[in-house]
Amino acid sequence: MFRPAGNGKRKIIVKYRKALPTDLESIKKLLELYELPASDCKEHIGNFIVAFNEQGVVGVGGYESCGNIGLLRSVAVAQTELGKGIANKIFSLLRENAIETGIETLYLLTSTASMYFEKLGFVVCNRDNVPTPIRLTKQFRELCPSSATVMVLNLCG
């Protein structure tokens, strides 16, 4: 009798690409599942990466450009896809894109994921030391709580 190799389950392939305006609703839904800021994603959609499979968008991340510095936006992965390295791949692609566009330093705000971002090389910094262009972003001023941890990563070194 013939039996197929493996467990009979088809492997679902995850692909990555720059986000398109048509991805906006899927991006917002995924971010909102984790109660992450999503209201101003449209303004920065060109700096977002999506992970997707045959079921749709399963991961997202982006950054907001402020000259040679950037603000890493929320990175989120669908719960069904956690633990598969999707967030790390999204961050790797975001980092490459940021460097290619001349960004030398990335900042982020987090209330729950500082340990994850430390593993990526980010370090905690004092809110008072954040450059003015980052402080003027909507995410810094309005969307994230003032209690959020601020972290920074030098992309040049």
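Things to note:
- Mean projection area, nm², convex hull over Cα of the chain: 10.7 nm²
- Once the 1.4 Å probe is applied to the protein heavy atoms, region 72-150 comes out at 54 Å² accessible per residue.
- Taking 19 Å as the limit for the C-alpha separation, the pairs Lys42/Lys119; Lys18/Lys89; Lys15/Lys42; Lys15/Lys138 exceed it in the case of Lys42/Lys119; Lys15/Lys42; Lys15/Lys138.
- Quotient of C-alpha Rg and 2.2 N^0.38 Å, computed over region 55-100: 1.23
- Cα gyration tensor shape of region 90-140, rounded if a/c is under 1.5, else prolate or oblate by comparing a/b with b/c: oblate
- Radius 14 Å from Cβ of Leu94, net charge of other residues (Lys, Arg +1; Asp, Glu -1): +2
- The Cα atoms of region 69-155 give a gyration tensor whose axes a ≥ b ≥ c have a/c of 1.5 or more with a/b no greater than b/c, which makes the shape oblate.
- Over region 25-157, relative contact order from alpha-carbon pairs under 8 Å, at least 6 apart, %: 23 percent
- Gaussian network model of the chain, Cα within-10 Å springs - most flexible of Thr110, Thr22, Thr137: Thr22
- Among the trypsin sites (Lys or Arg not before Pro) within region 7-55, those in coil by DSSP and having at most 16 neighbouring Cβ atoms inside 10 Å are Lys9, Arg10, Lys11.
- The chain - percent of accessible surface contributed by carbon and sulfur, probe 1.4 Å: 52 percent
- Phi-based couplings in Hz for region 45-61 (Karplus 6.51, -1.76, 1.60; Gly and Pro marked x): 4, x, 10, 9, 10, 10, 9, 8, 9, 5, 8, x, 5, 10, x, 7, x
- To the nearest ten degrees, helix 24-33 and the longest principal axis of the Cα atoms of the chain are 80 degrees apart.
The values are calculated or read from the model by the stated rules, or taken from the named source; none is laboratory data. These numbers come from a predicted model, not from an experiment. With ideal geometry, Cβ positions are generated from the backbone for all residues, glycine too; neighbour counts draw on all protein chains shown. For the accessible areas, the whole protein counts, side chains as well, though only heavy atoms, and no ligand, DNA or RNA atoms are used. Shrake-Rupley method; radii C 1.70, N 1.55, O 1.52, S 1.80 Å.
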